[in-house]
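The structure appears right after this line, and notes come after that.
Derivation of every value follows stated rules applied to the coordinates shown; laboratory data play no part. None of these values were measured; they are calculated from a predicted model. All Cβ positions, even for glycine, are placed from backbone atoms using ideal geometry, and neighbour counts span all protein chains on display.
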Amino acid sequence: MMRKIVFFVSLILMTTSCQTELLKTNKKAPVSEQQELNLRTINDSTFSYELVNKKWINVSIINSAEHFSMLVNRFGMKDSIDFDKENIQVKSPELKSMNDQFICLTTWWSADFFSSLIIPVQKKKNPFMYFEHGIHVHDLKKNRIVYTDKFMDKKVCFAVENLVTRKKQRIYWEIPSNQMFHPYCDSMVLLKNSLIIWNAAKFTKFPLGLNH
């Protein structure tokens with residue numbers, strides 16, 4: 001009888017100990033998640049988080065009651081960009097891609113629509129480049145991008161742009177009947193001398209002249 005009592009007491013103590021460790025683990029989880037996001041609380045309605053943290057550049061987003069701004073710090077030279085004042089539509093800024101010259105951020109704001117920002121790593125006259133309808137393809141080796149330039153009746157104008165020279169070539173794409181959502185194709189492939197647009201298992205090839 002005594003052995004049974006000791007067994008049950010030991011079982012209860014082990015169960016309580018496991019529950020305590022589980023509670024400790026659950027309490028620690030949100031803290032580690034915040035550390036991964038580099039989240040910093042400024043006050044009850046304002047917090048900031050880093051999207052890029054390198055020795056030569058730091059990019060942070062500040063969210064103040066859904067009012068977004070961005071702080072770019074290049075070797076101590078700081079640029080503050082107020083998204084509302086710059087007419088940048090934004091909901092959830094995130095890092096898309098980067099190399100040693102440019103940083104690309106994506107900001108989804110409505111269904112399949114999104115905008116993109118390019119942040120030059122080196123100080124330029126303009127601290128950022130804004131693409132209202134989003135960048136669809138990034139060619140980081142040649143610093144070229146493909147984005148939606150404008151919408152027209154039954155057509156969309158894509159632009160292939162060299163980020164260094166700012167030269168661009170426009171490509172007009174007739175919206176297929178099977179494509180109801182932007183960017184109105186299945187995919188794009190950016191090659192050295194051409195842009196290939198795929199739709200319904202078929203492709204259309206557009207020659208490019210943006211090598212320099």
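Once both labels are positioned 7 Å from their Cα atoms along Cα-to-Cβ, the gap between LYS125 and LYS154 label points is 4.0 nm.
How about segment 38-99: which GluC sites (Glu not before Pro) there lie in a loop by DSSP and see at most 10 other Cβ atoms within 10 Å? Sparse-neighbourhood loop GluC sites (Glu not before Pro): GLU66. Overall, the ratio between the Cα radius of gyration of segment 158-201 and 2.2 N^0.38 Å, rounded to two decimals, is 1.29. By the Kirkwood approach, averaging reciprocal distances over each pair of separate Cα atoms, segment 36-191 gets a hydrodynamic radius of 16.7 Å.
Shown for segment 114-212 is the translational diffusion coefficient from the Stokes-Einstein equation, using the Kirkwood radius over Cα pairs, a temperature of 20 °C and a viscosity of 1.002 mPa s: 151 µm²/s. The ranking of HIS136, HIS182 from fewest to most other beta carbons within 10 Å of each one's beta carbon is HIS182, HIS136.
One decimal place: the segment VAL189-SER80 gains 35.8 nm when fully extended, by the rule 0.36 nm per residue minus the C-alpha distance.
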